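The values are calculated or read from the model by the stated rules, or taken from the named source; none is laboratory data. These figures come from a predicted structure and were not determined experimentally. Ideal geometry is used to build each Cβ from the backbone, glycine not excepted, and the neighbour counts take in all protein chains shown.
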Amino acid sequence: MSRRLLLIRGLGHSGTTILDLALGAHPQVVGLGEAVRILATPGAGEEKRGPAQLRGDLRFQRRCTCGALAADCAVWGPLLAWLPAHEAQPLADKMQHLMTSLEAATEAAPTWVVDSYQGDFVLPFDQDDELEIRILHLTRDVRSWVHSRSRDGRQRGQWLPCLKPLLRWCRINARHERWLRRCGKPVFRLGYEELALQPEPSLRRLCAWLEIPFDQRMLAPASHSSSHVLAGNRVRFDPERSASIHYDGAWMAAPAGLAQLALALPWVAALNRRLVYSATEDPAGADLPAPR
């Protein structure tokens, strides 16, 4: 049977979890959250992290977004029990085992399975002729992302708390863009601002690219999502924040910071516009916070 895997990739805290949940509200899609993070063999020093502990007692404490404890989840339960004895297997084999578990747990196999791991763009499935892979690259405006990620530094009184996040946004997104041009897989570029400010047009475009009909339930992820997310942003368990797709515009009320000044650099402004706003269509005339 041909299988179709959608990889949501991008920097963390860019809306990947809410998008995973929204896609999971579609009857032909099931989201698995940061599945690759769980499947990857834990390295030295990672024994106390969530993915490693899910192989042990944590699976009897953490809940899946389906409502069941991880150990009792029809999708993750069998996989987590199977993993410890099969850590040496390639990541591709582990993902195939997870997808088999998913198909066994559902009445009808989903058209698309979604993984939203926010890590490096590793594709360990290239040689699998039975698996079609597409990539969704989700990027958040540099000003919004840097404001969000420098919050802890501001609370600790750091000097220029936004410098490190700004450099990370520029370095990682530039590297991701180069990698995506060479990966040989179909790529859909989506800006978080486009998704959050115009969710229906954005999701309609995405559904057309995935060759599935748009479903209105995608606009209310908390009420309809059938995703099985064990690892991801805590928004997955916040019914208020996951009830709809909405925009956090806190950065707009903050003083102009280093990220705003960085947009004076042509290559930063061009990268931000290309990754975040290149597909913006606004027939209603709403103003988007596009780079100045």
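Limited to region 11-56, what total is found for residues that are surrounded by 24 or more Cβ atoms within 10 Å (Cβ to Cβ), in a loop (DSSP other than H, G, I, E, B) and of a type in the set (G, A, S)?
3
Can you find, within region 57-79, the residue that is surrounded by the fewest Cβ atoms within 10 Å (Cβ to Cβ) among those that are touching a residue at least 40 places away in the same chain (Cβ under 8 Å) and among the basic types (K, R)?
Out of the qualifying residues, it is R63.
How many residues are more than 17 Å from the chain's Cα centre (by Cα) and hydrophobic (A, V, I, L, M, F, W, C) if we restrict to region 166-215?
So the answer is 11.
If you scan region 67-88, which residues turn out to be small (G, A, S), in a helix (DSSP H, G or I) and within 21 Å of G31 (Cβ to Cβ)? Working first, answer last.
Looking only at region 67-88, we keep the residues that are small (G, A, S), and these are 67-68, 70-71, 74, 77, 81, 85, 88.
From the residues that got through so far, the ones that are in a helix (DSSP H, G or I) too are 70-71, 77, 81, 85.
A70, A71, G77 - these are the residues of region 67-88 that are small (G, A, S), in a helix (DSSP H, G or I) and within 21 Å of G31 (Cβ to Cβ).
From the list E200, E194, which one is without any contact (Cβ under 8 Å) to a residue 40 or more places away in the chain and either more than 30 Å from L79 (Cα to Cα) or crowded, with 22+ Cβ neighbours inside 10 Å (or both)?
E200
Consider E87 carefully, then state whether it is among the acidic types (D, E), at pLDDT 90 or above, surrounded by fewer than 20 Cβ atoms within 10 Å (Cβ to Cβ) and over 30 Å from R204 (Cα atoms).
Details: among the acidic types (D, E): yes; at pLDDT 90 or above: yes; surrounded by fewer than 20 Cβ atoms within 10 Å (Cβ to Cβ): yes; over 30 Å from R204 (Cα atoms): yes.
Here the answer is yes, as E87 does meet what is asked.
Output the number of residues of region 222-246 satisfying the condition of being at pLDDT 85 or above and touching an Asp or Glu at 6+ places or on another chain (Cβ under 7 Å).
Of the residues in that region, 2 qualify.
For residues that are in a loop (DSSP other than H, G, I, E, B) and either closer than 23 Å to A25 by Cα or without any contact (Cβ under 8 Å) to a residue 12 or more places away in the chain (or both), tally how many sit in region 89-118. Walk me through how you get there before you give the answer.
From region 89-118, those in a loop (DSSP other than H, G, I, E, B) are 89-90, 106-111, 116-118; that's our starting set.
Checking which are either closer than 23 Å to A25 by Cα or without any contact (Cβ under 8 Å) to a residue 12 or more places away in the chain (or both) leaves us with 89, 106-111, 116-118.
Total satisfying the criteria: 10.
It is to be established whether one or more residues within region 34-49 are under 25 Å from R217 (Cβ atoms) and not charged (D, E, K, R).
Going through region 34-49, the residues under 25 Å from R217 (Cβ atoms) turn out to be 34-35.
Then drop every residue that is not not charged (D, E, K, R), which leaves 35.
Within region 34-49, one or more residues are under 25 Å from R217 (Cβ atoms) and not charged (D, E, K, R).
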